[in-house]
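The values are calculated or read from the model by the stated rules, or taken from the named source; none is laboratory data. What you are looking at is a predicted structure, and each value in this text was computed from that prediction instead of being measured. Cβ atoms come from the backbone with ideal geometry, glycine included; neighbour counts cover every protein chain shown.
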Amino acid sequence: MTQVLIIYASDYGNTEKMARAAAEGAGSIDTVSAVIKTADEVDADDMTASQGVLIGSPVHMGTIDWRVKKFIDTVCSGLWIRDRMIGRVGGVFTTGGGFGGAGGGAEIAMLSLLTTLAELGMLIVPLPKNTPGYTDGGLQWGPYGRSADADMENVGVSDAALDVARRHGANVARAAVVSGNADFFAP
């Protein structure tokens, strides 16, 4: 059984909804088990037990949530030093309510998360523009959920954004199944 780990932090429940949708998508693939954990709960064993990893974060001041950054600094750094994630598959998603079409900083936050996956030697799964719902909740880097309206009131993420997250979870899971043994990629 291939395991896909979905890691997230959430303030108002929007990123958690995206994480659950991604897990639904990952779990819809035969032979895939989806595991959801908050950034505070994840440890190195969770990561190394997973062939695929999806990391989600709310956008804070144009960048990632502090709890996700703490996970990167405390868990991922040790995995990086020991080359423990090379060849595994990864993807990202965000939610944001700031000004701008994607929630003020969603793209920058995604790039920050993708940098971590690249540092770990992981294979990055982007979000193809032909993904149904892409125009309502996608960027080439991954899905995003717009969580506030023009008056900055929390309105939650749309069903369309959740559907894009589901599809991205399935894409990451398919790639994780195909990638097989992570040790194949190790130097």
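Observations on the structure shown:
- Listed conditions (1) out of contact with any strand residue (DSSP E or B) (no Cβ under 6 Å at 6 or more places or on another chain); (2) part of a loop (DSSP other than H, G, I, E, B); (3) among the hydrophobic types (A, V, I, L, M, F, W, C) are all met by Val42, apart from (1).
- Qualifying residue in segment 58-80 (condition: surrounded by fewer than 24 Cβ atoms within 10 Å (Cβ to Cβ), among the polar types (S, T, N, Q), at pLDDT below 95 and within 24 Å of Asn14 (Cα to Cα)): yes
- Residue match in segment 107-118 (condition: over 18 Å from Thr63 (Cα atoms) and within 12 Å of the chain's Cα centre (by Cα)): no
- Given (1) surrounded by 15 or more Cβ atoms within 10 Å (Cβ to Cβ); (2) in contact with a helix residue (DSSP H, G or I) (Cβ under 7 Å, 6 or more places away or on another chain); (3) over 20 Å from Ala118 (Cβ atoms); (4) not aliphatic (A, V, I, L, M), index of the condition Gly52 fails: (3)
- Hey, Val164 of a type outside the set (Gly, Ala, Ser), under 29 Å from Thr74 (Cβ atoms), in contact with a helix residue (DSSP H, G or I) (Cβ under 7 Å, 6 or more places away or on another chain) and part of a helix (DSSP H, G or I) or not: no
- Asp43 meets each of the listed conditions (1) modelled with pLDDT of 95 or more; (2) surrounded by 19 or more Cβ atoms within 10 Å (Cβ to Cβ) apart from (2).
- Qualifying residue in segment 131-149 (condition: in contact with a Leu (Cβ under 9 Å, 6 or more places away or on another chain), part of a loop (DSSP other than H, G, I, E, B), surrounded by fewer than 19 Cβ atoms within 10 Å (Cβ to Cβ) and of a type outside the set (Gly, Ala, Ser)): yes
- Gly98 meets all of the listed conditions (1) touching a Lys or Arg at 6+ places or on another chain (Cβ under 9 Å); (2) at pLDDT below 85 but one, namely (1).
- Residues (closer than 20 Å to Val172 by Cβ, touching a residue at least 12 places away in the same chain (Cβ under 8 Å) and among the charged types (D, E, K, R)) located in segment 38-64: Asp46
- Failed item, numbered, when Thr95 is tested on (1) farther than 19 Å from Val157 by Cα; (2) surrounded by 24 or more Cβ atoms within 10 Å (Cβ to Cβ): (1)
- Here the condition is being under 19 Å from Val164 (Cα atoms), of a type in the set (Val, Ile, Thr) and under 16 Å from the mean Cα position of the chain (by Cα); of Val89, Val68, it holds for Val89 alone.
- Cross-chain or 6+ apart pairs with Cβ under 9 Å, segment 74-87 first and over 13 Å from Thr116 (Cβ atoms) and touching a residue at least 60 places away in the same chain (Cβ under 8 Å), then exposed (fewer than 13 other Cβ atoms within 10 Å of the Cβ) and of a type in the set (D, E, K, R): Ile86/Asp183; Gly87/Asp183
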